[in-house]
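Note sheet for the following structure.
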Amino acid sequence: MSTNGIGSAATTLDTGVLPGDAAGSRTVAGLSPANLMLVFLALAYFLAYFDRMLMAAVGEMVKIEFALTDGQLSLLTGASFIVIYGIFNIVSGWLADRYSRKRIIVISLAVWSGVTMMCGLASSFIQLAIARAGVGIGESAIVPTAASTIRDTFPLAKRPMAVALFYTGGMVGILACFVLGTWIATEYGWRASFLVAGPPGLLLALLVALFAREPMREPQSAAEAAAGAGRSSYRLVFENRPLVWVLLAGATATSTNIGIAAWLPNFFLRSHDLTLQEVGMLFGPVLAAGMTVGMLLGGWVGNRIASKSVTGLIWLSAISMILIIPLFLLMFWLPSLYAALTATLLGTAMSVVYSPCFTAAWQSICHSRAQGTAAGLSGCINSVIGGGLYAFVVGVMSDRWAADFGDDSLRYALTAATLIFCLLAAALFVYAARLVKKQANERAQLA
């Protein structure tokens with residue numbers, strides 16, 4: 001298998017013009033069609049994370065109203081959203097490889113924005129869990145379609161930063177969620193925060209429908225066409241052993257950011273006696289700032305590594321998992337609130353450095369006809385392992401240790417789960433890097 005024809009796209013895409021666009025193509029607000037699409041994708045991810053993290057931000061209020069246990073709360077912040085989201089990622093990825101990604105984005109925006117407002121109308125735990133599942137279904141399309149679009153729009157040497165900018169939209173969405181979402185919940189109740197969250201997504205869906213352009217899919221090289229002949233996109237993924245292990249490593253690494261973010265508001269509420277509004281004003285900006293800086297740093301470093309070594313991108317991911325551990329231990333155990341927030345800033349920054357590098361790495365070793373499918377499968381296992389499983393393990397541990405440690409049971413649960421998942425993710429990245437290197441050497445010998 002070739003490197004997916006990256007070189008053929010580089011000349012066209014260095015100018016920021018989509019394949020098939022004539023030089024000097026009409027711009028919107030001074031942005032080329034390629035850059036405008038990236039802006040729309042980042043805005044969509046901003047709204048996706050705002051809506052997604054609302055339950056984590058107002059979780060304590062929901063827990064009190066419905067008299068939930070930590071295990072039940074973890075289903076709302078984790079499994080009822082994350083697992084459904086992950087499963088439907090597979091469907092969305094398959095669709096992204098076959099149909100207009102622009103249309104998929106428009107439909108998904110409208111669906112998840114509408115169902116988000118329904119969360120604010122739920123009158124029982126079951127209704128809220130179902131509504132959260134609906135949000136997961138709607139949001140499941142954004143990452144596969146964005147990954148496929150970015151893959152067809154930017155060359156490998158610029159792809160990590162493009163991925164980082166897309167993901168940064170989500171990090172800013174976290175900031176807005178904890179600052180604006182918690183303020184609305186404090187002033188008007190947690191239901192109002194969900195009702196306010198929906199309309200902006202409907203507006204963005206309209207803007208995408210009117211102004212975005214579907215990028216032309218990159219043509220396959222002769223080697224890729226031969227390798228993919230008679231194979232489904234799923235088969236192209238699962239027969240690529242290095243790709244499978246890279247995706248599995250990335251899924252485990254997701255626990256260090258998305259998985260842990262679902263519990264950190266509760267941790268600061270219980271272990272540092274913050275109010276909900278203080279969580280929004282103190283913790284929210286720290287989390288978002290850390291993840292934004294880390295994401296952009298990962299994109300900047302990734303751009304420099306990607307032009308030299310795909311394997312280097314994976315090794316950087318492994319190293320970052322080890323560096324996270326002492327930072328998170330400080331975050332959990334420093335007694336001072338502001339010292340813990342400083343550790344949170346550094347730890348959450350390090351927790352996402354791997355993300356642009358990991359994404360660019362798997363895109364470069366994946367067949368061009370299976371980009372959406374691979375992104376969907378990645379999103380699925382990210383959600384099940386890094387989101388749902390991690391969140392559920394922490395919730396169960398916290399419930400089990402509550403009798404012994406009281407409110408600090410969550411501190412112990414987060415510590416134990418984070419150590420396990422970080423070390424496992426690092427080991428998986430190392431193994432995946434060796435497989436990718438071996439694959440590259442074999443192809444070099446055949447060339």
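The values are calculated or read from the model by the stated rules, or taken from the named source; none is laboratory data. Bear in mind that the values here come from a model prediction, so they are computed numbers and not experimental data. Using ideal geometry, Cβ is built from the backbone for each residue, glycine included, and neighbour counts are taken over all protein chains shown.
Figures for the structure shown
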{"quantity": "The stretch 36-62, residues that are surrounded by fewer than 22 Cβ atoms within 10 Å (Cβ to Cβ) and either among the acidic types (Asp, Glu) or modelled with pLDDT under 85 (or both)", "calculated": "Glu60"}
{"quantity": "First in the stretch 229-256 and surrounded by fewer than 24 Cβ atoms within 10 Å (Cβ to Cβ), second anywhere and at pLDDT 90 or above and among the aromatic types (Phe, Trp, Tyr), Cβ under 9 Å, 6 or more apart", "calculated": "Val244/Phe238; Trp245/Phe429; Trp245/Tyr431"}
{"quantity": "In the stretch 155-174, residue nearest to Val106 (Cα to Cα) [restricted to those that are among the hydrophobic types (A, V, I, L, M, F, W, C) and surrounded by 24 or more Cβ atoms within 10 Å (Cβ to Cβ)]", "calculated": "Phe166"}
{"quantity": "Any pair with Cβ under 7 angstrom, 6 or more apart, that starts in the stretch 168-193 at a residue that is more than 19 Å from Trp263 (Cα to Cα) and ends at one that is of a type in the set (Ser, Thr, Tyr)", "calculated": "Thr168/Thr292; Gly169/Tyr45; Ile184/Ser193"}
{"quantity": "Any chance Gly406 is without any contact (Cβ under 8 Å) to a residue 12 or more places away in the chain and farther than 17 Å from Val244 by Cα", "calculated": "yes"}
{"quantity": "Ile381 vs. criteria assigned to a helix (DSSP H, G or I) and under 16 Å from the mean Cα position of the chain (by Cα)", "calculated": "yes"}
{"quantity": "Close pairs (6 angstrom Cβ cut-off, 6 or more residues apart or separate chains): within 15 Å of Phe46 (Cα to Cα) in the stretch 196-219, modelled with pLDDT of 90 or more and among the hydroxyl-bearing types (Ser, Thr, Tyr) anywhere", "calculated": "Ala197/Thr116; Gly198/Ser113; Gly198/Thr116; Gly201/Ser113; Leu202/Ser113"}
{"quantity": "Total residues in the stretch 277-301, condition crowded, with 22+ Cβ neighbours inside 10 Å and over 26 Å from Leu419 (Cβ atoms)", "calculated": "2"}
{"quantity": "Identity of the residue in the stretch 262-278, of a type in the set (A, V, I, L, M, F, W, C) and at pLDDT below 80, that ends up nearest to the chain's Cα centre (by Cα)", "calculated": "Ala262"}
{"quantity": "Unique match (being of a type in the set (S, T, N, Q) and closer than 18 Å to Ala146 by Cβ) among Ser307, Ser378, Ser351", "calculated": "Ser378"}
{"quantity": "Helices (runs of 4 or more DSSP H) within the stretch 53-146 that include 3 or more residues within 27 Å of Thr359 (Cβ to Cβ) and without any contact (Cβ under 8 Å) to a residue 24 or more places away in the chain", "calculated": "none"}
{"quantity": "Enumeration of residues in the stretch 313-351 that are among the β-branched types (Val, Ile, Thr), touching a Leu at 6+ places or on another chain (Cβ under 9 Å) and closer than 30 Å to Gln439 by Cβ", "calculated": "Ile322, Ile325"}
{"quantity": "Selection from the stretch 294-318 of residues that are without any contact (Cβ under 8 Å) to a residue 40 or more places away in the chain and not small (Gly, Ala, Ser)", "calculated": "Arg304, Lys308"}
{"quantity": "Meets criteria (under 24 Å from Cys357 (Cβ atoms), part of a helix (DSSP H, G or I) and of a type in the set (Lys, Arg)) for Arg304", "calculated": "yes"}
{"quantity": "The stretch 302-312: number of residues that are surrounded by 22 or more Cβ atoms within 10 Å (Cβ to Cβ) and within 14 Å of Ala440 (Cα to Cα)", "calculated": "1"}
{"quantity": "Residue list for the stretch 110-124, restricted to those being of a type in the set (Gly, Ala, Ser) and touching a helix residue (DSSP H, G or I) at 6+ places or on another chain (Cβ under 8 Å)", "calculated": "Ala110, Ser113, Gly114, Gly120, Ala122, Ser124"}
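Okay, residues lined up against (1) of a type in the set (Val, Ile, Thr); (2) crowded, with 24+ Cβ neighbours inside 10 Å; (3) within 18 Å of Gly259 (Cα to Cα):
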residue	(1), (2), (3)
Leu337	no, no, no
Ala340	no, no, no
Thr344	yes, yes, yes
Gly347	no, yes, yes
Ser351	no, yes, yes
Pro356	no, yes, yes
Gln363	no, yes, no
Gln371	no, yes, no
